[in-house]
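**Student:** Okay, handing you the structure first.
The values are calculated or read from the model by the stated rules, or taken from the named source; none is laboratory data. Just so it is clear, the model here is predicted, and its values are computed rather than measured. Methodologically, a virtual Cβ is constructed for each residue, glycine included, from the backbone with ideal geometry; neighbour enumeration extends over all protein chains shown. For accessibility, only protein heavy atoms count, side chains too; no ligands or nucleic acids. Shrake-Rupley method; radii C 1.70, N 1.55, O 1.52, S 1.80 Å.
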Amino acid sequence: MARNIARLLLLPGDGIGPEVMAEVGRVIDWLGTRRGLGFATETALVGGASLDAHAVPLTDATLARAQAVDAVLFGAVGGPRWDRNPFHLKPEQGLLRLRKELGLFANLRPAVCFPALADASSLKRELVEGLDIMILRELTGGVYFGEPRGIEILPDGQKRAVDTQVYTSGEIERIGRVAFELARKRRNKVCSVEKANVMHTGVLWREVMTALGAQDYPDVELSHMYADNCAMQLVRAPKQFDVIVTDNLFGDLLSDCAAMLTGSLGMLPSASLGAVDAQGRRRALYEPVHGSAPDIAGQGVANPIAMLASFAMMLRYSFDLAEDADRLEAAIAAVLARGLRTADIMQPGMTRVSTEAMGAAILAELDRL
Ligand code: IPM
Ligand code: MG
C-alpha cells in the first residue's frame with residue numbers, strides 16, 4: 001500500500017490541458033504502486049471550463065481547495081469561445097487569481113535543451129546544445145496587478161486605457177533573494193533584467209538588486225541587462241546566462257522566447273512558489289508554460305512533456321523527492337533519445353507518437369530505470 005504523502009489539486013482547465021493532465025495521472029498511479037508514494041488527488045474546474053459550469057473562471061470553493069492542499073497542478077486555460085468575454089470573465093483571470101490569492105510570487109521557468117532536441121530548435125545546434133538557464137519571473141506584482149487600471153471614456157468621446165507598472169522595494173528584494181539562492185545551487189550567476197533607461201520601476205529594481213547582492217550575496221556574480229537587449233542576447237548567445245531574474249511582464253515575454261530555444265513551447269515546465277510560512281510550508285502551483293492550444297485540442301496529439309516536467313518540479317520543490325524528479329526527467333530524456341516525438345517536435349527520421357503513446361513510453365522507461 002502506498003503511504004499518503006500529500007494532497008494535490010488537479011486543475012486541468014481548457015484545450016489540451018485535460019489531455020496532458022491525464023498523463024500526469026498515470027505517473028501518479030505509477031508512483032503509488034511502484035514507489036509507495038501516495039498522492040491523494042482531487043480535480044476541479046478552472047478557466048473556460050469553470051465559466052461554462054459556474055459562470056466564473058475560478059469559484060471561491062475551488063480557490064479554498066487550492067489553499068488547503070499541498071500543491072496545485074495546473075493544465076492550461078483559454079480558448080476562442082471565451083475571447084470576447086469582458087475582462088473579469090476571461091479564463092485567464094482564474095489563473096491570475098490563483099497566483100495572487102496563493103501569494104505565488106516566484107515563478108521558476110527553467111529552459112533546458114535536451115540533447116536529442118538540439119536540432120528541433122529554430123537556432124543552430126551549437127547555440128542551444130547543453131543549454132540550461134533559469135528564468136525567474138516575479139509573478140504577483142507589476143503591470144499584471146497594478147492600480148489604477150481600466151478603460152475610461154473621455155469627455156470628447158475618445159477612450160483612454162491605463163495599466164500601472166508598480167513595484168515596492170520589498171517585492172523586488174523578495175524575488176531577488178530567490179534568484180541569488182537559486183544561483184548558488186547552479187552556476188552562481190544572476191542577470192537582473194529591467195528597463196532602467198526608461199522606467200522608474202527599472203531604476204528601483206536595479207538599485208535594490210545591487211544593494212542586496214552586495215550585502216547578502218557577494219559570492220554570486222550579478223550583472224544587469226535591459227530587457228530588450230536580453231531578448232536579443234537570448235537568441236544570439238543564450239548559454240551566457242545562468243539565472244535571469246525579471247518582473248512579471250518581461251518574464252512573460254522572455255520565458256516564451258527562452259522556451260523556443262529548447263525546441264518547442266511544449267517542453268517548458270514551471271513552478272510558482274509562495275513564501276515559506278511559520279509551519280515551513282510553501283504554497284505552490286506547477287504548470288506547463290504552453291497554453292491551451294485550442295487548435296489541436298481533443299486530437300490526442302499534444303506534447304505532455306512540459307506537464308510531466310512540471311510534475312517533476314513539484315516532486316523536487318514541494319516534496320523534496322529529488323531522486324524521483326531526476327528519474328522522471330531521465331525517463332523523458334531517454335524517450336526523446338529513442339526518437340519518439342509528438343507533432344510539435346517532429347523531425348525527419350523520428351517516430352511520431354500521440355500524447356498517450358508518449359506518456360506510455362515515459363512510463364515504460366520509468367519501469368526500466
Ligand atoms: C503565462 C501566460 C499567462 C500570463 C496568461 C495565460 C495569463 O502567458 O503563464 O506565461 O500572461 O502570465
Ligand atoms: Mg506567457
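**Student:** Which of the residues spanning region 250-297 are part of a loop (DSSP other than H, G, I, E, B), surrounded by 22 or more Cβ atoms within 10 Å (Cβ to Cβ), of a type outside the set (Asp, Glu) and within 13 Å of ligand 1 (Cβ to nearest atom)?
**Tutor:** Answer for region 250-297, where residues must be part of a loop (DSSP other than H, G, I, E, B), surrounded by 22 or more Cβ atoms within 10 Å (Cβ to Cβ), of a type outside the set (Asp, Glu) and within 13 Å of ligand 1 (Cβ to nearest atom): Leu268, Pro269, Ser270, Pro288, Val289, His290, Ser292, Ala293.
**Student:** Next up: Within region 245-260, restricting attention to residues that are within 15 Å of ligand 2 (Cβ to nearest atom) and of a type in the set (A, V, I, L, M), which residue is nearest to Val166 (Cα to Cα)? So that I can check it myself, show each step before the final result.
**Tutor:** Initially, region 245-260 is screened for residues within 15 Å of ligand 2 (Cβ to nearest atom), giving 246-260.
Cutting the leftovers down to of a type in the set (A, V, I, L, M) gives us 249, 253-254, 258-260.
Details: Leu249: 11, Leu253: 18, Leu254: 19, Ala258: 25, Ala259: 27, Met260: 29 Å.
This residue is Leu249.
**Student:** I'd like the full set of residues that are in a loop (DSSP other than H, G, I, E, B) and either open to solvent by less than 10 Å² (accessible area, probe 1.4 Å) or aliphatic (A, V, I, L, M) (or both), limited to region 35-52.
**Tutor:** First, pick out the residues of region 35-52 that are in a loop (DSSP other than H, G, I, E, B): 36, 44-47.
Ala44, Leu45, Val46, Gly47 - these are the residues of region 35-52 that are in a loop (DSSP other than H, G, I, E, B) and either open to solvent by less than 10 Å² (accessible area, probe 1.4 Å) or aliphatic (A, V, I, L, M) (or both).
**Student:** Which members of region 298-311 meet the condition of being surrounded by fewer than 19 Cβ atoms within 10 Å (Cβ to Cβ) and within 16 Å of ligand 2 (Cβ to nearest atom)?
**Tutor:** In the first step, residues of region 298-311 are kept if they are surrounded by fewer than 19 Cβ atoms within 10 Å (Cβ to Cβ); the result is 298-300.
Once the filter is applied, which keeps residues that are surrounded by fewer than 19 Cβ atoms within 10 Å (Cβ to Cβ) and within 16 Å of ligand 2 (Cβ to nearest atom), region 298-311 yields nothing.
Per-residue answers, yes or no, for (1) of a type in the set (A, V, I, L, M); (2) part of a helix (DSSP H, G or I); (3) closer than 23 Å to Arg34 by Cα:
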residue	(1), (2), (3)
Gln299	no, no, no
Leu308	yes, yes, yes
Met313	yes, yes, yes
Asp320	no, no, yes
Glu323	no, yes, yes
Leu328	yes, yes, yes
Ala333	yes, yes, yes
Asp344	no, yes, no
Gln347	no, no, no
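**Student:** Working only within region 141-173, note down all residues that are surrounded by 13 or more Cβ atoms within 10 Å (Cβ to Cβ) and either of a type in the set (Gly, Ala, Ser) or not assigned by TED's automatic domain parsing to the domain that holds Gly202 (or both).
**Tutor:** Listed by number, the residues that qualify are Gly141, Gly142, Gly146, Ser169.
**Student:** Which one of these is part of a helix (DSSP H, G or I) and touching a Phe, Trp or Tyr at 6+ places or on another chain (Cβ under 8 Å): Glu181, Glu171? Steps first, answer last, please.
**Tutor:** Values: Glu181 fails: touching a Phe, Trp or Tyr at 6+ places or on another chain (Cβ under 8 Å).
Testing whether each residue is part of a helix (DSSP H, G or I) and touching a Phe, Trp or Tyr at 6+ places or on another chain (Cβ under 8 Å) leaves just Glu171.
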